[in-house]
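Everything on this sheet refers to the single structure shown next.
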Amino acid sequence: MTAKFTKGFWEKTARIILRNRILILCLIAAFTVFLGMQWENMRFSSSQANLLPDDHPVNVEYRSFLKTFGEEGNAVVFAIRDSALFTPEKINRWNKFSKQLVAFPEVDFVLSLDNLQELKKDSTNQEFTLQPLINGELSTKKEVDSIKNHLFNDLPFYDKLLFNKESSTIRTIVNLDKDIVNTSVRKDFVLKDLNNLVENFEEETGLNVHVSGMPYIRTMNSQNIIDEIGKFILAALGVTSLIFFLFFRSFRATLISMCIVIIGVMWAFGILGLLQYEITVLTALIPPLIIVIGIPNCIFLINKYQQEVKKHGNQALSLQRVISKIGNATLMTNMTTASGFATFIITDSKLLKEFGIVASINIIGIFILSLLIIPIIYSFLSLPKTRHLKHLNQRWIDGFVNWMERIVRERRITVYIVSLVLLVTSIIGIYQIEISGSPIEDMPKNAEFFEDIRFFEKEFDGIMPVEIVVDTKRPKGVLKPANLKRIDQLSEVIAEIPELSKPLSVVNLVKYSKQAFYNGIPKYYQLPTTQENNFIMKVAQKSSGNENLLKNFVDSTGQKARITTFMQDVKTDRMEQIEERLLENVAKFFPADQFDVYMTGSALIFLKGTKYLVKNLILSLAFAIFLIALFMAYLFRSFRMIIISLIPNLLPLVITAGVMGYVGVPIKPSTILVFSIAFGISVDDTIHFLAKYRQELIANRWQIKKSVYAALRETGVSMFYTSIVLFFGFSVFVISNFGGTVALGALVSATLMFAMLANLILLPSLLLSLERNIASKKILKKPQIDILPKKDEDN
């Protein structure tokens, strides 16, 4: 019943397509124009990717922090490590540079040598005052040296904040307006104004300025993503068109295929704009993915057309059979590929959900384009010439197919032994895989901004913010001496951890106040005693501007305090050790019944997001396997057949995971995608082979061996062609500057090559070994779906 329905459906579809050629082409053109108009809605991501769902406790705490203290990742930092800076001319130019930064409306606040304020006690009025470190321009080297010595030796509050005493590095901190940090305004400001300002300074002084900070890193990283989209599209088009031409030796066929995938790319950008999704590091991969996945559709359809032409030379019949005989097969294979991407939709990550939606829609879209355009365009053209059909009889292809047939016929035990050895070896490798939760690891290592990240890690011990929020549960509870001591004890623990920078909190300000109370003597930079605290607080309460100093460290009620530190780029296990040590000391110094303390910040959110993502993507992979199993159950109605079809597709995934463990490629947001993507694509070959195998069974009266070898010869060439295209197509991602994209391309390519060999060697071997259990006439008496042409129609 199902077979009759599908057969009638595809024959009717073929008639509709071929009888309405002009209308369909006009509709495709109109829809393409419509999607082209949506390009103006495309926008590139301006905010940091958050892999956690909005209601996750870590996100809830992060939003609570932002509400209390404002944006934590809005600082851009500039630094110079060069003794030549300490001359009147150049130090004045550095101060002018700071003044130029202050003038931009996108800048909220600048802390630099130019406007550095020194806390001093006014003995006359018994209050603290803020006095500038530098008054006007410096004219002599002696003045510069005096300022430098005073800064390095007498102002410990600014140590590792504005300077590194050991290397004489000077830093300027620029806080951007919080309203523009996560908008495109930030991008324009950084790429145009900020970079131009830095270049002008470097040209005038000959000094090298290092620039970093999360807004700057995100901007430069996003620009790299934008630059790579065009590179990927051109590379994918170039590689796939070259391979396609080498296979078919036809400029006409190659041009038609390129037109189809180019329209597919236009649709991909249009759908991104239509849905108003941001272009992220993941969605930027979709256009080249569409090219790589679309070309195999063209190969199957054009190859079938040429086979039919060679057989009987009737163009109308050939085009009709292309649609009616191959249409259902390509639909099923594209559905399985789309389902591999669609499984990302079930994750709670917005980033992955959008990637899954757009990718799966476009995969179905490229299938529709291939099925419509190829028969219609060929209907207007003359029949292929004899030279264009020569590839169907290439000897080296026959040699490859014969080699596979000999392996299956004579070396099945060897195939099983090799498969078992690979399985065991790969499982051992899997146990060596690590999880990476670093937001910096995948960034381009040769980019100048990445080198600057390493510079600031070395000079100031980190660049990724980590925040600890202490809620004393009482208004003005933060400034109580006992609570200040607790914060100081935790700060000492943070300072002992080499991967964390010197912490900054209200304790530093209180220590600075005691130093100022004792006329700036550095040895008094410490917490005041209880008796001293009373005197110092009285002076502080009289001081004007005291609230402005406190607001950066304490909330408006005086109940909550923040401790800010910065983390270096460390491995995930080390990051977890640091978190565990900090939480142990938090529990030690801050009893849970008296305080609420939590950790947050960009570094921790990315770590938690990565671990959450791994958990969700394992579930999505399991769901993909379940979906594919349902497809197989629909096709064959046999549990054994489902198992046999899954083995050749799961084994390559296990091998790839083992390789990752042995070569040290960690599990991270980019590499975890490999498994769902590769599984969804590789199972296409299984469907083609098993569908053809079943039809051969029916035609050959359930003679297993004859049917297996016939299916192998029939489908082996197309599977080889498509696997080569996919292998080299995904390999274009290795030209990326992003480590994650390189790993994604290399791993998917390798997995698909393993999958091709498994489907062409292991799958036929399994079918032959289990022939008695599978070749049940009861199961195959009425085929469920006529997915490929029958033997008497094809041969």
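The values are calculated or read from the model by the stated rules, or taken from the named source; none is laboratory data. All values reported here derive from a predicted model rather than from experimental measurement. Counting neighbours? That spans all protein chains shown, and the Cβs are built from the backbone with ideal geometry, glycine included. With ligands, DNA and RNA removed, areas are computed over all heavy atoms of the protein, side chains included. Shrake-Rupley method; radii C 1.70, N 1.55, O 1.52, S 1.80 Å.
With each label point set 7 Å from Cα along the Cα-Cβ vector, what nm distance links Glu89 and Glu492?
4.9 nm
Rank by packing, highest mean first: peptides 400-413, 447-460, with packing defined as the count of other Cβ atoms within 10 Å averaged across residues.
Numbers: 400-413: 15.4, 447-460: 18.1.
Those peptides, ordered most packed to least, come out 447-460, 400-413.
Compute the long axis of helix 739-757 from its Cα atoms, compare it with the longest principal axis of the Cα atoms of the chain, and write down the angle in degrees, 0 to 90, nearest 10.
Once rounded, one gets 20 degrees.
Can you flag which of Lys165/Lys588; Lys96/Lys187; Lys480/Lys514 are past 26 Å Cα-Cα? Don't skip to the answer; put the middle values down first.
Details: Lys165/Lys588 33 Å; Lys96/Lys187 24 Å; Lys480/Lys514 15 Å.
Too far apart for the 26 Å limit: Lys165/Lys588.
For the range 62-178, what mean projected area does the convex hull of the alpha carbons give, in nm²? Each step should come with its number before you reach the end.
On the way: hull surface 37.5 nm².
So the mean shadow area of the Cα hull is 9.4 nm².
Check cross-link reach from Lys178 to the aspartates and glutamates: straight Cα distance under 13 Å, and skip same-chain residues fewer than eight apart.
Glu71, Glu72, Glu106, Asp108
Provide the FRET efficiency to the nearest 0.05 for the Ser184-Phe31 pair, computing r from the beta carbons and using R0 = 30 Å.
On the way: r = 29 Å, r/R0 = 0.95.
Here the calculated transfer efficiency is 0.60.
Across 5 Å bins from the origin, how do the percents of Cα pairs in the range 175-238 run, short distances first?
The percentages, shortest bin first, are 3, 15, 21, 19, 15, 12, 9, 5, 2, 0.
With the Cα gyration tensor of the chain in hand, convert its eigenvalues to equivalent ellipsoid semi-axes via √(5λ) and list them largest first in whole Å. Present the calculation step by step, with values, prior to reporting the outcome.
Values: eigenvalues 841, 155, 93 Å².
Square roots of five times the eigenvalues give 65, 28, 22 Å.
Just to be sure I understand the model, the point goes 7 Å from the Cα along the line to the Cβ. What's the resulting Phe400 to Gln131 distance in nm?
8.2 nm
In whole Å and largest first, what semi-axes does the C-alpha gyration tensor of the range 210-337 yield when each eigenvalue is scaled by 5 and square-rooted?
On the way: eigenvalues 291, 51, 20 Å².
Equivalent ellipsoid of the range 210-337: 38, 16, 10 Å, largest first.
Expected output is a single nm value to one decimal: the length gained when fully extending between Ser379 and Asp154, i.e. 0.36 nm times separation in residues minus the C-alpha distance. What is it?
Value of the extension gain: 72.4 nm.
Hey, what angle do you get for helix 602-636 against the long axis of the chain, alpha-carbon based, 0 to 90 degrees rounded to 10?
10 degrees
In Å², and per residue, what accessible area does the chain have when probed at 1.4 Å with the other protein chains present?
Values: 33570 Å² over 795 residues.
That works out to 42 Å² per residue.
For the range 466-526, what number results from the quotient of the Cα radius of gyration and 2.2 N^0.38 Å?
Working: Rg = 12.7 Å, N = 61, 2.2 N^0.38 = 10.5 Å.
So the range 466-526 has a normalised radius of gyration of 1.21.
Mind checking which aspartates and glutamates have their Cα closer than 14 Å to the Cα of Lys353? Skip sequence neighbours fewer than 8 apart in that chain.
In chain and number order, the partners are Asp54, Glu278.
Extension gain Leu275-Glu11, at 0.36 nm per residue separation less the Cα-Cα distance, in nm?
Details: separation 264, 0.36 × 264 = 95.04 nm, distance 3.44 nm.
In short, 91.6 nm is gained.
Quick one: with all protein chains in place, what share of the accessible area of the chain is carbon or sulfur, to the nearest percent (1.4 Å probe)? Display every interim value, and only then the final one.
Working: 19330 of 33570 Å².
Here it works out to 58 percent.
Identify all aspartates and glutamates with a Cα-Cα distance to Lys445 below 17 Å; exclude those on the same chain that are fewer than 8 residues away in sequence.
Output for Lys445: Asp227, Glu228, Glu457, Asp569.
For the range 283-349, take the convex hull of the Cα atoms, compute a quarter of its surface area, and give me that in nm², please. Write out the running numbers ahead of the final one.
On the way: hull surface 21.2 nm².
Averaging across all directions leaves 5.3 nm² for the Cα convex hull.
May I ask for the angle, rounded to the nearest 10°, between helix 412-430 and the longest principal axis of the chain, with both axes built from Cα atoms and the value confined to 0 to 90°?
Orientation of helix 412-430: about 10 degrees from the principal axis.
Would you mind putting 315-322, 225-232, 739-746 in packing order, based on average other-beta-carbon counts within 10 Å, highest first?
Top of the packing list down: 739-746, 315-322, 225-232.
Be a star and scan the range 460-478 for residues whose amide nitrogen sits under 20 Å from the point 7 Å along the Cα-to-Cβ vector of Asp596.
Those under the cut-off are 467-478.
Sorting check: for 748-758, 525-535, which peptide has the highest mean count of neighbouring beta carbons within 10 Å, and how do the rest follow? Show your work: numbers first, answer last.
Details: 748-758: 23.2, 525-535: 14.3.
Highest to lowest by the protection proxy: 748-758, 525-535.
If R₀ is 45 angstrom, what is the calculated FRET efficiency for the pair Glu199 and Val424, using the beta carbon separation as r and rounding to 0.05? The partial results should precede the final answer.
On the way: r = 57 Å, r/R0 = 1.27.
Taking R0 as 45 Å, the efficiency between Glu199 and Val424 is 0.20.
Excluding Glu143 itself, calculate the net charge of residues whose Cβ lies under 13 Å from the Cβ of Glu143, where each Lys or Arg counts +1 and each Asp or Glu counts -1.
On the way: positive: Lys141, Lys142, Lys148; negative: Glu89, Glu137, Asp145.
Net charge around Glu143: 0.
Which net charge results for the neighbourhood of Ser241, defined as the other residues with beta-carbon distances under 15 angstrom from its beta-carbon, given Lys and Arg at +1 and Asp and Glu at -1? Could the numbers behind the result be given before it?
Working: positive: Arg249, Arg252; negative: none.
Cβ neighbours under 15 Å give a net charge of +2.
Using the structure shown, select from Lys99/Lys141; Lys615/Lys668; Lys12/Lys325; Lys67/Lys611 the pairs with a Cα to Cα distance greater than 18 angstrom.
Values: Lys99/Lys141 22 Å; Lys615/Lys668 11 Å; Lys12/Lys325 12 Å; Lys67/Lys611 26 Å.
Over 18 Å Cα-Cα: Lys99/Lys141; Lys67/Lys611.
Once every Cα of the range 111-204 carries one equal point scatterer and solvent is ignored, give the base-10 log of I(q)/I(0) from the Debye formula at q = 0.13 Å⁻¹, two decimals.
Values, matching the q order: -0.66.
Below 12 angstrom from the Cβ of Leu763, what's the summed charge of the other residues (Lys, Arg +1; Asp, Glu -1)? Provide the component values of the computation, followed by the final result.
Numbers: positive: Arg412, Lys692; negative: Asp685.
Its environment carries a net charge of +1.
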